[in-house]
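Structure first, commentary second.
The values are calculated or read from the model by the stated rules, or taken from the named source; none is laboratory data. Computed from a predicted model, the values in this text were never measured in an experiment. FYI the Cβ positions are ideal-geometry reconstructions off the backbone, even for glycines, and counts take in every protein chain you see.
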Amino acid sequence: MLRSDDPRAARASDCTGPLAEILERHPRLAEYSVTASGTDWLELELTVGSILFAFPSLWADPDRLAPHLAAVRTGRLMLVVFGTDDDLARNGLDILLNGAGAIALPIPLSATRIAHAVDNARERLAFNAHAADAQMHSRRDRYELDELASIGRALSAERDIDRLLALVLAKTRHLTGADAGTVYVVEYDPAGGRRLRFKVAQNDSVLLDLPTGSIPVSEHSVVGRCVVSREVIHIPDLYRLDEPSEGNNPWGFRHNRALDEATGYQTRSVLSVPLTSAKNEVIGVIQLINRKRRAHQRLSAPTDFEQEVLEFDEHARDLATTVASQAGVALENAALYSEITALFEGFVRASVTAIEQRDPTTSGHSQRVADFTLGLARAADRVEQGPLAAFRLTADDERQIEYAALLHDFGKVAVREDVLLKAKKLYEPERQILLARFDYVRANTIADAERRKVRALSELNGVAARDALTSIDRELAAAQAEYDDLLAFILAANEPTVLASGSFERLDDIARKTYRDPRGNERPLLTPGEVTSLQIRRGSLTAAERVEIESHVVHTYEFLKRIPWGRQLAGVPEIAGAHHEKLDGSGYPNRIYSGAIPVAARMMAIADIYDALTAADRPYKRAVPLDTALAILEDEVKAGKCDPDLFRLFVDARVHERGRGS
């Protein structure tokens with residue numbers, strides 16, 4: 001700090017006045033104005049910044065000089081110091097000046113030198129401003145390029161059309177500073193022509209309901225004209241369309257302010273950009289509304305729309321067009337993806353219909369198994385602890401599990417229909433033949449009795465003949481009762497229930513009984529094949545038929561693996577093909593053990609068994625109560641065949657209740 005008796009302090013007070021006079025009188029400096037001054041400093045404002053003229057009493061004080069040096073380093077202030085060579089060297093200011101880029105002038109003051117210093121400072125300030133502006137534009141360009149790249153990645157990853165359109169609109173509004181916007185999608189009217197349907201609407205200032213319905217594509221609306229002309233339509237201010245200005249409204253639009261008046265929100269600047277597909281077809285329109293001067297500013301009062309809303313400048317239009325060019329292809333891809341998904345979904349549903357038409361007795365089974373399996377998978381996804389904590393479910397996983405469950409029985413189309421639909425131990429034609437055989441034996445027994453009666457009447461008289469007839473009738477009745485009893489037992493054994501004790505032996509005994517056919521040949525009352533079928537301990541299938549039924553899993557796998565499922569659904573064949581495998585290796589078709597069975601297949605195994613037990617549409621068995629079905633499943637778990645953790649979750653999460661009836 002200079003003392004008051006320091007001669008430099010006196011020079012400062014002597015120089016400030018002359019400096020101001022030079023700045024005011026010099027013809028090259030008169031255009032600039034002095035904005036502030038003190039006893040030892042003076043600030044001159046230029047068009048590109050300011051100059052601070054400092055005398056020794058200021059610049060020799062480090063504390064007073066520090067904030068000015070900080071301002072110098074921003075590039076908006078130039079420092080011009082006055083002093084002698086001894087002053088500069090003694091205070092070490094020359095080092096600071098070199099670092100800050102300041103200018104030093106000798107005392108006494110020289111108008112010419114000051115003018116040259118101002119010119120030099122102005123050039124340096126202009127250079128600084130240009131460099132700062134270039135740096136700002138560089139940062140903005142880099143940010144926008146990063147944003148465009150980010151938008152491109154996001155658009156390419158999104159497959160849901162509604163989310164895609166919302167993303168497109170949000171990103172475009174962010175880049176252009178638009179307060180609001182709407183997206184329309186072109187639809188083709190079955191009656192002919194095209195229509196624009198509202199899909200997404202966003203507004204940062206007010207909460208507006210999304211418009212519903214669609215409007216025809218025509219040149220009478222802004223978005224319709226955008227589709228027809230395939231060009232960007234920019235309206236700086238809708239409220240000035242009707243002003244008699246040349247070229248103000250070349251489209252002939254009229255702005256209906258009814259909605260604005262109802263909501264208080266004014267639609268001023270508008271930018272409509274077509275969304276074009278890879279085939280160069282306009283498939284939608286992004287309409288941006290009210291570009292704002294300040295992004296955070298909400299528009300509510302009428303003055304807000306007058307003061308804050310800008311037109312969409314060329315840079316904003318270029319950004320919107322760039323995003324729209326990406327969005328058009330992304331929208332087309334998403335629509336194509338949606339169509340392919342719908343096609344695939346239709347194929348899967350049609351396949352399920354084919355399965356159920358082949359075997360109407362299990363109608364609804366595939367869908368119920370899919371519901372149970374998905375319910376169990378979603379419950380497992382929520383587990384945070386234990387063996388299932390690592391299981392996580394994505395949207396692709398859900399679709400993969402659903403398709404595998406829906407198609408898990410598709411291989412039944414390759415199984416013989418009579419085996420597939422076999423409800424009793426004997427096929428219906430076999431049962432009819434057996435009934436006809438017993439009818440023949442019964443009729444033959446009656447005919448034989450009648451022949452014996454004729455012979456008795458011809459050979460005997462009186463009491464002897466009467467006794468003979470009575471004996472024949474008694475024998476006939478006993479034979480008929482025996483046949484009825486045998487047939488009733490056989491028909492009971494034909495039911496797909498557990499055979500009672502002793503049934504095997506009795507069937508063998510019946511098979512040893514014979515009769516004579518019309519040609520007189522001796523035949524067994526039951527054929528070996530009938531005995532084999534009737535002696536099935538449980539269900540309706542023989543061992544050979546069960547193997548044939550079980551082969552449906554192999555057919556399912558072979559069929560499904562021929563389908564190009566893609567990476568997201570590649571596991572469908574393996575999951576569907578393993579749903580009858582057991583943890584202990586006793587399942588089929590490959591007898592694999594727990595570690596090789598996909599988790600989704602283990603889930604499906606529980607769902608499949610549960611539905612088979614509780615289904616009320618099976619003609620060969622009754623539906624068991626829910627508690628009984630769960631008890632049977634628990635026995636499977638205890639036997640080491642089904643996954644205990646998944647079964648417990650199936651019960652605890654009440655999946656077995658939610659899936660029923662869907």
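Of the residues that sit in segment 112-126 and are of a type in the set (Val, Ile, Thr) and crowded, with 17+ Cβ neighbours inside 10 Å, which one is farthest from GLY49 (Cα to Cα)?
Among those that are of a type in the set (Val, Ile, Thr) and crowded, with 17+ Cβ neighbours inside 10 Å, it is ILE114.
Going through GLU187, GLU219 one at a time, which residue ends up being part of a strand (DSSP E or B) and either aromatic (Phe, Trp, Tyr) or surrounded by fewer than 18 Cβ atoms within 10 Å (Cβ to Cβ) (or both)?
Numbers: GLU219 fails: part of a strand (DSSP E or B).
Answer to the check: GLU187.
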Consider ARG591 carefully, then state whether it is assigned to a helix (DSSP H, G or I), basic (Lys, Arg) and in the same structural domain as ASP396 (by TED's automatic domain parsing). no
Please count how many residues of segment 192-228 are among the acidic types (Asp, Glu) and either out of contact with any strand residue (DSSP E or B) (no Cβ under 9 Å at 6 or more places or on another chain) or at pLDDT 90 or above (or both). 2
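What tally of residues in segment 515-538 results from selecting those that are at positive phi and either in contact with a strand residue (DSSP E or B) (Cβ under 6 Å, 6 or more places away or on another chain) or not assigned by TED's automatic domain parsing to the domain that holds ASN494 (or both)?
Residues in segment 515-538 being at positive phi and either in contact with a strand residue (DSSP E or B) (Cβ under 6 Å, 6 or more places away or on another chain) or not assigned by TED's automatic domain parsing to the domain that holds ASN494 (or both): 0 in total.
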Flag for VAL383 being of a type outside the set (S, T, N, Q) and closer than 30 Å to VAL498 by Cβ: no
Residues of segment 474-495 being surrounded by 14 or more Cβ atoms within 10 Å (Cβ to Cβ) and part of a helix (DSSP H, G or I), which ones? GLU475, LEU476, ALA479, GLN480, TYR483, LEU486, LEU487, PHE489, ILE490, LEU491, ALA493
Of everything in segment 298-318, what is over 12 Å from SER205 (Cα atoms) and surrounded by fewer than 21 Cβ atoms within 10 Å (Cβ to Cβ)? Give them in sequence order. PRO302, THR303, GLU306, GLN307, GLU308, LEU310, GLU311, ASP313, GLU314, HIS315, ARG317, ASP318
Just one listed residue, out of GLU459, GLU430, GLU475, is under 19 Å from PRO524 (Cβ atoms) and either outside the structural domain of ALA623 (by TED's automatic domain parsing) or touching a residue at least 40 places away in the same chain (Cβ under 8 Å) (or both), and it is GLU430
Scan segment 338-360 for residues that are among the hydroxyl-bearing types (Ser, Thr, Tyr) and surrounded by 16 or more Cβ atoms within 10 Å (Cβ to Cβ) and report the count. 1
I'd like the residue in segment 54-80 that is in contact with a helix residue (DSSP H, G or I) (Cβ under 6 Å, 6 or more places away or on another chain) and not in a helix (DSSP H, G or I) and, out of all such residues, is farthest from PRO108 (Cα to Cα). GLY75
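Restricting attention to segment 197-216, report how many residues are surrounded by fewer than 16 Cβ atoms within 10 Å (Cβ to Cβ) and either closer than 19 Å to VAL273 by Cβ or acidic (Asp, Glu) (or both).
4
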Filtering segment 398-409 down to residues that are crowded, with 18+ Cβ neighbours inside 10 Å and without any contact (Cβ under 8 Å) to a residue 60 or more places away in the chain, which residue is nearest to ALA379 (Cα to Cα)? GLU402
Do we find that GLU522 is surrounded by fewer than 12 Cβ atoms within 10 Å (Cβ to Cβ), touching a Lys or Arg at 6+ places or on another chain (Cβ under 7 Å) and over 30 Å from ARG622 (Cα atoms) in this structure? yes
Of (1) part of a loop (DSSP other than H, G, I, E, B); (2) farther than 30 Å from ALA389 by Cα, GLU548 satisfies every one except (1)
What tally of residues in segment 532-569 results from selecting those that are touching a residue at least 24 places away in the same chain (Cβ under 8 Å) and small (Gly, Ala, Ser)? 4
Near pairs, Cβ below 6 angstrom, 6+ apart or cross-chain, from segment 207-229 (assigned by TED's automatic domain parsing to the domain that holds LEU271) to any residue that is of a type in the set (Ser, Thr, Tyr): VAL222/SER272; VAL223/TYR184; VAL223/SER272; GLY224/SER218; CYS226/SER272
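Filter segment 419-437 down to residues that are under 17 Å from LEU541 (Cβ atoms) and outside any loop (DSSP other than H, G, I, E, B) and give me whichever is nearest to the chain's Cα centre (by Cα).
We begin by selecting, within segment 419-437, every residue under 17 Å from LEU541 (Cβ atoms); these are 419-431.
Next, only the ones that are outside any loop (DSSP other than H, G, I, E, B) stay: 419-420, 428-431.
Details: VAL419: 41, LEU420: 38, GLU428: 50, PRO429: 52, GLU430: 54, ARG431: 54 Å.
Ranking the qualifying residues of segment 419-437, first place goes to LEU420.
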Which of the following residues is modelled with pLDDT under 75 and either in a helix (DSSP H, G or I) or surrounded by fewer than 17 Cβ atoms within 10 Å (Cβ to Cβ) (or both): LEU155, LEU165, LEU175? LEU155
Within segment 518-550, restricting to residues that are of a type in the set (Ser, Thr, Tyr) and modelled with pLDDT of 90 or more, the one that is nearest to ALA578 (Cα to Cα) is SER533
ALA10 versus (1) surrounded by fewer than 17 Cβ atoms within 10 Å (Cβ to Cβ); (2) modelled with pLDDT under 85; (3) closer than 28 Å to ALA132 by Cα: which is the lone unmet condition? (3)
LEU319 vs (1) modelled with pLDDT of 90 or more; (2) outside any loop (DSSP other than H, G, I, E, B): all pass except (1)
Can you spot a residue in segment 439-457 that is aromatic (Phe, Trp, Tyr) and not in a helix (DSSP H, G or I)? no
Do we have any residue at all in segment 231-246 that's part of a loop (DSSP other than H, G, I, E, B) and touching a His at 6+ places or on another chain (Cβ under 6 Å)? yes
Can you tell me which residue within segment 27-53, out of those that are within 60 Å of the chain's Cα centre (by Cα) and part of a loop (DSSP other than H, G, I, E, B), is surrounded by the fewest Cβ atoms within 10 Å (Cβ to Cβ)? THR47
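Is it the case, given these coordinates, that LEU469 is touching a residue at least 60 places away in the same chain (Cβ under 8 Å), surrounded by 15 or more Cβ atoms within 10 Å (Cβ to Cβ) and over 60 Å from the mean Cα position of the chain (by Cα)?
Numbers: touching a residue at least 60 places away in the same chain (Cβ under 8 Å): no; surrounded by 15 or more Cβ atoms within 10 Å (Cβ to Cβ): yes; over 60 Å from the mean Cα position of the chain (by Cα): yes.
No.
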